[in-house]
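The next block holds one structure in the form of structure tokens; read it before the comments.
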Amino acid sequence: AQSVSQHNHHVILSEAASLELGCNYSYGGTVNLFWYVQYPGQHLQLLLKYFSGDPLVKGIKGFEAEFIKSKFSFNLRKPSVQWSDTAEYFCAVGASITGGGNKLTFGTGTQLKVEL
Amino acid sequence: KAGVTQTPRYLIKTRGQQVTLSCSPISGHRSVSWYQQTPGQGLQFLFEYFSETQRNKGNFPGRFSGRQFSNSRSEMNVSTLELGDSALYLCASSSQGTGGPGGTQYFGPGTRLLVL
């Protein structure tokens, strides 16, 4: 069974600091990788995704993530965070399953607080 | 395009009752997935429906069931409610199914269920 680990449960940063949130998964086959964000009081929304090609993907609001296949990782980064980045961030891994279709598994989330 | 809508937004039930939640996907999307979100367990996959067929199911008891109609709208039913069923229930739609290359999911605002 596939699983997703997000090692940092709570992160507090000052504005302009750099951000890196870790995400590791366990699955032996081909995966599709996602980062979702949930701002306070809002829906979950997609930040970025990786399906194939360049392992460095760029998303909205200056976020990027790098897929390192050998490390089973898909870490999220942002060079300079803003107060408005305060939110919960979820890593998710999609993989095909027997019988057709794909299954999407989420990590437990990282709560990011950016202080002024 | 209108986003994913879920009704009702809030529900209070008592133990032993049953509840039905509704989800209307983005127009043209054939896949609807349901998730349970709790502070302790994070986002847990319940099931996915694609073109009226359940394609995928998570590790939840049989009290949790769902269906999808020909217009892609989906309902989720929980029978014999337990206190532990209190959670935010999220619905997500995608055009090609969860987790795959075409499976970017768009989430609704959720239905917050409180079981007393």
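With charges only on Cβ, +1 for K and R and -1 for D and E, what is the dipole size of chain A about its Cα centre, in debye, rounded to 20?
Computed about the Cα centre, the dipole is about 280 debye.
Can you quote the Å³ per residue value for the convex hull of the Cα atoms in the stretch A:1-85, rounded to an integer?
Given the Cα convex hull of the stretch A:1-85, per-residue volume reads 109 Å³.
Step through the residues of the stretch B:29-35 one at a time and calculate ³J(HN,Hα) from phi using the Karplus curve (6.51 cos²θ - 1.76 cosθ + 1.60, θ = phi - 60°), rounding each to whole Hz and writing x for Gly and Pro.
Karplus values, whole Hz, x for Gly and Pro: 7, 9, 9, 10, 10, 10, 9.
Would you mind ranking A:GLU15, A:GLU66 by Cβ crowding within 10 Å, fewest neighbours first?
On the way: A:GLU15 13, A:GLU66 16.
Fewest-to-most ranking of A:GLU15, A:GLU66: A:GLU15, A:GLU66.
So which chymotrypsin sites (Phe, Trp or Tyr not before Pro) in the stretch B:1-100 are both in a DSSP loop and have at most 16 other Cβ atoms within 10 Å of their Cβ?
Sites meeting the loop and neighbour criteria: B:PHE69.
What translational diffusion coefficient, to the nearest whole µm²/s, does the protein assembly as shown have by Stokes-Einstein, given a Kirkwood radius computed over alpha-carbon pairs, a temperature of 10 °C and 1.306 mPa s viscosity? Write out the running numbers ahead of the final one.
On the way: Rh = 18.1 Å.
The diffusion coefficient I find is 88 µm²/s.
No value in this document is a laboratory result; all are computed from the given coordinates. Note that the structure is predicted; figures quoted are calculated from it, not measured. When we count neighbours, we look across all protein chains shown, and the Cβ atoms used for this are built from the backbone with ideal geometry, even at glycine.
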